[in-house]
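Notes follow the structure.
The values are calculated or read from the model by the stated rules, or taken from the named source; none is laboratory data. Just so it is clear, the structure is predicted and the values come from calculations on it, not from any experiment. When we count neighbours, we look across all protein chains shown, and the Cβ atoms used for this are built from the backbone with ideal geometry, even at glycine. The area values use the complete protein model at the heavy-atom level, side chains included, leaving out ligands, DNA and RNA. Shrake-Rupley method; radii C 1.70, N 1.55, O 1.52, S 1.80 Å.
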Amino acid sequence: MLGLGPAPSFNPEIMVMMARGPGLFAGLSHLGRRITIDGNTLDSKAQIVSALAGANVASNDPVEARQQLADAVAPFRGGPTPIYASEDRSIPGPGGNIPVRLYWPGAGRLPRPILVWFHGGGFVLGSVESHDEPCRRLARACDAVVISVEYRLAPEAKFPAGLDDCRAAFAWAAANAADIGGDPARLAVGGDSAGGNLAAALTLACRDQGGPQPGLQLLAYPVTDADMAQRSYKLFADGFFLTAERMGWFFDKYLGSPDQGSDPLVSPLKAPDLSDLAPAHVITAGFDPLRDEGRAYARRLEEAGVAVEHVEYPTMTHAFFSMAGVFAQASVATERAARAMRAAFAA
């Protein structure tokens with residue numbers, strides 16, 4: 001049930017951003033009132049950021065939408081978090097070379113664990129650049145070498161092209177771990193949103209089709225079910241950063257045909273067997289259309305005997321993990337992910 005209460009106190013810096021941005025009053029009629037749904041009260045800053053993103057990321061042209069998303073999120077990313085070094089490289093892939101960005105948190109204490117990270121953006125948007133700051137935070141918090149993958153995007157490259165790139169990058173990380181200061185025995189995979197989907201799908205594919213196995217999967221509000229039928233899709237259909245309509249648009253661009261949505265490598269929640277997979281750290285947000293499928297995936301993993309830590313941030317919306325400049329919860333979530341890494345690879 002939607003509940004409205006006293007007006008929240010807004011961060012003055014966010015109000016300045018609102019004043020500077022174009023078209024920011026569209027869809028802002030509900031601002032100034034607390035929003036409570038399903039027992040959770042939306043963070044006041046998340047309320048504003050959601051409205052800003054909705055006003056500024058509106059194009060149905062993928063190329064335009066990519067730039068709009070990058071511009072809309074940039075003021076909230078925070079950072080840059082200081083690290084020892086980062087480097088852009090190109091590695092071989094099934095459809096040509098794959099750009100990757102490597103992050104090293106420090107010069108000593110080698111070798112380190114490796115985290116191969118897949119950015120979010122609905123399989124259509126996002127980039128290594130748009131997710132530079134969360135990868136910096138992860139590298140430092142996890143004391144790990146992070147490899148961020150610029151996988152092919154839809155609609156130019158539909159399923160399974162992006163997943164094929166992710167698998168190639170993960171295999172490259174395993175084969176070249178020593179050369180980049182990493183430990184091939186401590187390989188983790190992770191991603192946010194669509195990137196969480198790709199990380200979960202890769203983990204399934206490694207089990208079923210062979211290849212190096214991750215020792216941990218970090219899944220931040222992952223896409224796990226193309227049916228879009230979970231209750232949270234109705235509760236948070238519009239007004240909370242990611243909309244149900246936009247998710248439908250993403251799947252339309254990503255899939256070559258609707259029947260591909262039943263493939264477990266598109267919808268990991270549909271996999272008949274989730275046993276013998278890497279331990280998982282699953283992050284969900286209270287005001288996210290993807291909330292319930294993330295919960296369901298964590299529950300099914302646990303029922304299959306997989307070690308799972310599920311942490312929900314009840315006042316947050318989709319994409320909060322990438323916005324540490326606004327949300328303290330992003331830093332908290334990063335630290336918890338780092339603890340999961342340390343626990344997974346403890347001697």
Unmet requirement for P314, which otherwise passes all of (1) more than 26 Å from A244 (Cβ to Cβ); (2) open to solvent by 10 Å² or more (accessible area, probe 1.4 Å): (1)
Restricting attention to segment 250-272, does a residue exist that is touching a strand residue (DSSP E or B) at 6+ places or on another chain (Cβ under 8 Å) and either closer than 26 Å to K234 by Cβ or open to solvent by less than 30 Å² (accessible area, probe 1.4 Å) (or both)? no
Would you mention how many residues in segment 194-217 are of a type outside the set (D, E, K, R) and open to solvent by 10 Å² or more (accessible area, probe 1.4 Å)? 7
Can R66 be described as closer than 30 Å to A244 by Cβ and open to solvent by 30 Å² or more (accessible area, probe 1.4 Å)? yes
Which one of these is open to solvent by less than 40 Å² (accessible area, probe 1.4 Å) and in contact with a strand residue (DSSP E or B) (Cβ under 9 Å, 6 or more places away or on another chain): T284, T243, T224? T284
Unmet criterion (only one of (1) crowded, with 18+ Cβ neighbours inside 10 Å; (2) part of a helix (DSSP H, G or I); (3) out of contact with any Asp or Glu (no Cβ under 7 Å at 6 or more places or on another chain)) for L187: (2)
Give the residues of segment 41-63 that are at pLDDT 95 or above, surrounded by 18 or more Cβ atoms within 10 Å (Cβ to Cβ) and not in a helix (DSSP H, G or I), sorted by residue number. L42, D43
Consider E87 carefully, then state whether it is exposed (fewer than 14 other Cβ atoms within 10 Å of the Cβ), of a type in the set (D, E) and in a loop (DSSP other than H, G, I, E, B). no
